[in-house]
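Here is the structure we will look at.
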Amino acid sequence: MVPFKKRRIQLHTASSGDGTIKYPQVVIFLLERKMGASRKSFLTQLGRGKGFLVEESFNQSVTHVVSENNSGDEARTWLNSQLSKQLGVEKNSTREEIHVLDISWYTESMRAGCPVDILDRHRLQTQECGTELTEFSVPSYACQRCTPLMGHNSRLTDALSILADSAEFSENEGRSVAFRRAAAVLKFLPQPVTRLKQLHGLPCLGEHSLRVIKEILEEGVSLEVETTKHSKQYTVLKPHLLSVNEFQILTGIFGVGVKTADRWFREGIHTLSELRRSGHALNRAQQAGLQHYEDLNLPVTKTEAVIIGQIVKKAVNAVLEGAEITLIGGFRRGKQTGHDVDFLITHPEESREEGLMPKVVFWLESQGYLLYQKTTRNSYLEANEGPGQPSSNMDRFERCFLIFRLPVDTDEGKVQMERLRGLPTQTENCTNMRTPVDGETETKTHPSVDASTQKRIPVLEPTQGSRDQPWRAVRVDLVVSPHSQFAFALLGWTGSKLFERDLRRWAKQEKAMSLSSHALYNSIQGTYLRASSEEEIFAHLGLEYIPPSERNA
């Protein structure tokens, strides 16, 4: 038998793929109770592969105990027993330096690639004896609630989100929305739910959702959720929160929606390799998505989004002085990472934005920033839309779907914009420009583009799976809005999706109005209600203004 001290050294050496321990001051132990041996093994390998020190068994060096599906009392009781049994410490005298944490701290650290700061929501709380249960009160519509990025019931909301995704894959939109509404209510609650009684009388919690919640509260896990999460269909169509790889994602391919992915799944295509061998004719978007698959499935950081915004702003200012650009989507709501970056562009003078998009795209492409682009024209005409509810929740703005070529410093992993500026230029013949297809807007040289901005740089051919390239591919959407519609566009493109859905539902059911990302129509008065800010729109709807950071339903 190997002595304990040597076993410790062997375990430490195995903590990362190349034997390097990046964070020796953080020693993690994953509590197997209610987690299961296979999941613990997977999470252990994941952590070690990223340079974390994850111990196989609890010992004196452990600084962080990570638990899943256990209450604070349960985890503390287990820890006290270990301290007493293994280390000779008296029961109920838990060392203060041991952090007892929820699995959310571990998953967030894995995504970040380093130990994240420990917040109150990460710590497993113990319930004081005699504390009365809190019964909550929740408004019916998500647009009436201030919902932060992170709630106190992630274990419950994550479970309901898995069922919502599964229902969406089965094209059962009603069931999917019901689960998402239930999850949004739980996310709004100011405290963790410990008893089902606390949820009595709350809106949007149907029998199915309550049954799942009850099972998790009482058993620590929902059999239906676990079965769904590990089903073949779910793992192929939806990436697991941690186990993202080519064998588990079809919907992760840019240009592939749920219906297409489900059809491929039913044809027996479960991996990217099988898709490549299948002979399926892919459109241009899907080809680009497959080519840049690895990059496009990496999280985009807020820093990267800001840098891309600076580049887009430079392009916009080069072709139209005074135009304005706003970062929208999840980043505007306070997220630090996302799967793509969205920008809304307008000009204070109405109609000056017309024709702007092709010029901006041309500038970006001529500078070597684009790997793929497709532009759709503005098809919204207020006079033709009429007072009725729009046939689709999608807006009609001029929009460009891009795969952006973002320069990076691969040595330090930081965005490095000076890299492009130092590259030699090509001739002015623009040999790398292609003829637009599939209804794209053709990009041509415009007299309003300064000649100094039309120098070309070499556009590197993408190398699938290579992390040595001096750039990464990032999904970017550009949206151009007339200034008269800017407030509505800003509100519609900020999200979240459920918040926007309930805004439209509130307008229709409570105020007899029709709301879109273009306009607000009062059906009773027969008039459009103008607004120059989001606050005015909320006032028209009779709602208290909710800032973007609180719209995370």
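Observations, loosely collected:
- Among (1) of a type in the set (Asp, Glu); (2) farther than 18 Å from ALA489 by Cα; (3) at pLDDT 95 or above, the one test that GLU324 misses: (2)
- Single unsatisfied condition, GLN45 versus (1) open to solvent by 70 Å² or more (accessible area, probe 1.4 Å); (2) modelled with pLDDT of 85 or more; (3) touching a Lys or Arg at 6+ places or on another chain (Cβ under 9 Å): (3)
- Qualifying positions in the range 198-238 - touching a His at 6+ places or on another chain (Cβ under 8 Å) and open to solvent by 60 Å² or more (accessible area, probe 1.4 Å): LYS232
- If you go through the range 75-102 and keep only what is polar (S, T, N, Q), open to solvent by 30 Å² or more (accessible area, probe 1.4 Å) and either modelled with pLDDT of 55 or more or not in a loop (DSSP other than H, G, I, E, B) (or both), you end up with THR77, SER81, SER84, GLN86.
- Among the residues listed as ALA487, ALA531, the single one being in contact (Cβ under 8 Å) with a residue 12 or more places away in the chain, in contact with a helix residue (DSSP H, G or I) (Cβ under 9 Å, 6 or more places away or on another chain), open to solvent by less than 30 Å² (accessible area, probe 1.4 Å) and part of a loop (DSSP other than H, G, I, E, B): ALA531
- Residues being assigned to a helix (DSSP H, G or I) and either under 16 Å from SER481 (Cα atoms) or open to solvent by less than 20 Å² (accessible area, probe 1.4 Å) (or both) - total across the range 297-316: 8
- Filtering ALA142, ALA184 for residues that are in contact with a strand residue (DSSP E or B) (Cβ under 8 Å, 6 or more places away or on another chain) and under 30 Å from ALA507 (Cβ atoms) leaves a single hit, ALA184.
- When GLU510, GLU544, GLU461, GLU500 are checked against the criterion of being more than 23 Å from GLU350 (Cα to Cα), modelled with pLDDT of 95 or more and part of a loop (DSSP other than H, G, I, E, B), a single residue qualifies: GLU544.
- Residue in the range 323-346 that is over 22 Å from ASP395 (Cβ atoms) and open to solvent by 60 Å² or more (accessible area, probe 1.4 Å) present: yes
The values are calculated or read from the model by the stated rules, or taken from the named source; none is laboratory data. Small disclaimer: the values here were computed from a predicted structure and weren't measured. Note: ideal-geometry Cβ built from the backbone for every residue, glycine included; neighbour counts use all protein chains shown. These accessible areas exclude ligands, DNA and RNA; they are computed on the full protein's heavy atoms, side chains included. Shrake-Rupley method; radii C 1.70, N 1.55, O 1.52, S 1.80 Å.
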